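Read the structure below first, then the notes.
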Amino acid sequence: MVTNLPAEAKAKWLKVLEARTLEEKIKALEEFLSAVPKHKGTENLREWATKRLAELRDELEERKRKATRRGVSFLVEKEGAAQVVLVGLPNSGKSLLVHKLTGARTRVSEVPFSTTFPQVGMLRYEDIYFQLVDTPPVLPGKGPYNTKVMGLCRNADLILLVLDATRDVVGDYLTLRKELESAGILLSRPRGRVEIERFKTGKVGIRVTMMGELVNATVEDVKKLLASYNIYNAHVKIMGSVSLDDVEHAIFGNVLYKPSVTVVNKIDLGGNAVVQELVSKAGVPGVVVGVSALTGEGLDKLGELIFRELEIIRVYTKSPHGGVSNKPLILKRGATVLDVARRVHEDFVKNFHYARIWGPSSKYPGEKVGLDHVLMDKDVVEIHLKD
Ligand SMILES: Nc1nc2c(ncn2[C@@H]2O[C@H](COP(=O)(O)OP(=O)(O)OP(=O)(O)O)[C@@H](O)[C@H]2O)c(=O)[nH]1
Ligand SMILES: [Mg+2]
């Protein structure tokens with residue numbers, strides 16, 4: 001655990017948080033790292049910060065490359081309803097999967113490391129598309145592309161882990177999960193969540209909103225911890241069950257949860273038994289599915305599984321006199337009419353009168369509801385404004 005950093009290191013972390021440009025951030029992170037003492041207790045933090053530094057340096061390089069239009073880019077702009085990044089060891093079949101699922105012309109070969117830069121394709125699911133990103137392979141520890149692929153994962157909406165059924169599926173899964181974890185990317189949903197919003201101006205003090213519970217700690221402890229990082233003005237939200245360690249993680253912003261789907265590929269060679277083995281032995285958090293990119297077996301299920309794990313809904317807007325839009329808004333499960341109004345236009349929130357709903361969340365077609373009405377997948381929303 002990272003607690004008990006010297007005051008100097010804590011003060012330097014604030015500089016990282018306050019850095020405005022990428023260059024400033026890199027410099028501040030370098031200075032922070034050199035102020036962190038080397039011992040067992042700081043090992044994870046140092047590993048994480050070192051990786052983060054490598055990613056930021058990569059990003060800087062990437063921006064320069066983009067500006068001069070030289071070389072290939074690892075920045076993949078999002079398109080479609082969600083970005084899904086494939087991650088796997090060499091030869092697991094990532095490129096063939098992306099090709100089969102989207103038609104994109106990826107490089108497929110029995111030679112490992114045939115993919116050297118990200119390639120995208122669009123996977124259709126009903127009336128929406130997911131952007132699939134084929135990536136170079138990851139190796140345990142120090143693969144040549146690990147940092148770049150972790151950078152892609154950090155940005156992804158969902159991670160698709162690709163395993164090879166002919167190999168040690170459980171071992172490979174744990175390898176991938178370890179790589180992700182050491183880059184601060186968690187696949188298991190944490191028991192709680194902490195959000196810290198810092199205020200640079202004004203004296204609001206530390207405001208703690210409890211939407212969950214603190215485990216073995218008090219609000220005073222949270223305030224003391226923040227103060228030790230020279231954070232005196234902030235709004236802290238505690239959701240679910242949260243420990244003081246979680247609060248510290250939130251100060252660092254170093255844990256990021258990502259939903260995932262795990263694919264055991266090449267089941268034409270391996271058989272379905274390995275899927276069961278993975279579920280029972282590795283404690284995989286998301287869904288596991290056996291597929292064959294070669295024969296196409298199981299591929300038709302992927303769109304729906306991705307949709308489900310993303311926990312998103314599609315909502316169609318309708319104007320009071322017009323038809324229903326055929327392009328849905330993509331919202332998080334639990335979204336309300338307020339979220340729709342916000343997406344359409346700020347004025348829609350200000351001048352909101354009522355909404356009518358058709359679809360799964362309505363008691364009857366055209367039900368009249370307010371801003372706090374919780375929507376469901378495939379709802380149609382018609383917003384009426386005050387005159
Ligand atoms: N039998 C069988 N072979 C497959 C399957 N999927 C991929 N392959 C083969 O496995 C080899 C590697 O496939 P790729 O798609 O290039 O693998 P990759 O994960 O992109 O590899 P890297 O780019 O090196 O990371 C190729 O020879 C594919 O034809 C499958 O489902 N069944
Ligand atoms: Mg490939």
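How big is the Rg/Rh ratio for region 1-71, C-alpha atoms only, Rh by Kirkwood, two decimals?
When Rh is taken as the Kirkwood radius, the ratio is 1.07.
Give me a comma-separated list of calculated 3J(HN,Hα) values for region 340-345, in order, Karplus coefficients 6.51, -1.76, 1.60 applied at θ = phi - 60°, integers in Hz, x for any Gly or Pro.
Listing the rounded values in order: 5, 4, 4, 5, 6, 5 Hz.
Kindly rank 252-262, 357-367 from highest to lowest mean number of other beta carbons found within 10 Å of each residue.
Packing proxy ranking, top to bottom: 252-262, 357-367.
Quick one: which residues, 5+ away or cross-chain, put their amide H under 5 Å from the amide H of G88? H built at 1.01 Å from N.
V138, V162
Could you work out the helix-only [θ] at 222 nm for the chain, with each DSSP H run of four or more residues adding -39,500 (n - 2.57) and the total divided by the number of residues, to the nearest 500 deg cm²/dmol?
-11000 deg cm²/dmol
Dipole size in debye (nearest 20) for region 1-71 around its Cα centre, Lys and Arg Cβ +1, Asp and Glu Cβ -1?
That gives region 1-71 a dipole magnitude of about 260 debye.
Send over the semi-axes of region 191-254's equivalent ellipsoid, whole angstrom and largest first, taken as the square roots of 5 times the C-alpha gyration tensor eigenvalues.
Semi-axes (√(5λ), whole Å): 18, 11, 11.
Roughly speaking, what is the stretch gain from E43 to D300, that is 0.36 nm per residue apart minus the C-alpha to C-alpha distance, in nm to one decimal?
Additional length available on full extension: 88.2 nm.
Please list the non-local residues whose amide H lies under 5 Å from the amide H of G290, H modeled 1.01 Å from N, same-chain partners needing a gap of 5 or more.
V264
Fully extended, how many nm does the chain gain between M239 and D168 (0.36 nm per residue separation, minus their Cα-Cα distance)?
That pair, M239 and D168, stretches by 21.8 nm at full extension.
Using all alpha carbons of region 253-387, what is the percent of pairwise distances in each 5 Å bin, ordered from the shortest bin to the longest?
2, 9, 16, 15, 12, 9, 10, 9, 8, 6, 3, 1, 0, 0
In nm², what is the average projected area of the convex hull enclosing the Cα atoms of the chain?
Averaged projected hull area, Cα only: 23.0 nm².
Got a sec? Charge dipole of the chain, +1 on Cβ for Lys and Arg, -1 for Asp and Glu; which of V98, L22, G359 is way out at the positive end?
The Cα lying farthest towards the positive end belongs to L22.
Sort 112-122, 96-106 by the packing proxy (mean of other Cβ within 10 Å over each peptide's residues), most packed first.
Descending mean neighbour count gives 96-106, 112-122.
Amide H of F199: which non-local residues (sequence gap of 5 or more, or other chain) have their own amide H closer than 5 Å, using H built in the peptide plane?
Under 5 Å from the amide H of F199: N233, A234, H235.
Under a 1.4 Å probe, what is the accessible area of the chain per residue, stated in Å²?
51 Å²
Rank-order 311-317, 346-352, 32-38 by packing density, defined as the average count of other C-beta atoms within 10 Å over each peptide's residues, highest first.
Final packing ranking: 311-317, 32-38, 346-352.
I'd like the carbon and sulfur percentage of the solvent accessible area for region 1-71, probe radius 1.4 Å, heavy atoms only, ligands and nucleic acids excluded.
50 percent
What nm value, rounded to one decimal, do you get for the distance between R63 and K142 when each label is placed 7 Å out toward the C-beta?
It is 2.8 nm.
How much of the accessible area of region 191-254, probe 1.4 Å, is carbon plus sulfur, in whole percent?
On region 191-254, the fraction of accessible area on carbon and sulfur atoms equals 49 percent.
In whole Hz and in residue order, list the ³J(HN,Hα) couplings for region 247-264 that follow from phi through the Karplus curve 6.51 cos²θ - 1.76 cosθ + 1.60, θ = phi - 60°; x for Gly and Pro.
5, 5, 4, 5, 4, 7, x, 9, 10, 10, 8, 10, x, 8, 10, 9, 10, 9
Can you work out ³J(HN,Hα) from phi for every residue in region 208-220, in order, using Karplus 6.51 cos²θ - 1.76 cosθ + 1.60 and θ = phi - 60°, giving whole Hz and x for Gly and Pro?
With the stated coefficients, region 208-220 comes to 10, 9, 9, 10, x, 9, 8, 9, 6, 7, 10, 4, 4 Hz.
What value does region 312-385 have for Rg/Rh, both radii from Cα atoms and Rh as Kirkwood defines it?
Rg divided by Rh gives 0.91.
Only bridges with both residues in region 152-262 count here: give the DSSP antiparallel percent, nearest 5.
Antiparallel bridges make up about 30 percent of those DSSP assigns within region 152-262.
May I ask you to list the lysines whose Cα is less than 29 Å away from that of K64, ignoring any residue fewer than eight positions away on the same chain?
Counting by Cα, and skipping residues close in sequence, K64 has these lysines nearby: K12, K15, K25, K27, K51, K78, K94, K142, K148, K258.
Measuring from a point 7 Å past the Cα of Y257 along Cα-to-C-beta, which residues in region 326-347 have an amide N at less than 20 Å?
331-336
The values are calculated or read from the model by the stated rules, or taken from the named source; none is laboratory data. Since we're looking at a predicted model, the values are computed, not measured. Neighbour counts are summed over all protein chains in view; Cβ atoms, including those assigned to glycine, are modelled from backbone coordinates with ideal geometry. Quick note on the areas: whole protein, heavy atoms, side chains included, nothing else; ligands and nucleic acids left out. Shrake-Rupley method; radii C 1.70, N 1.55, O 1.52, S 1.80 Å.
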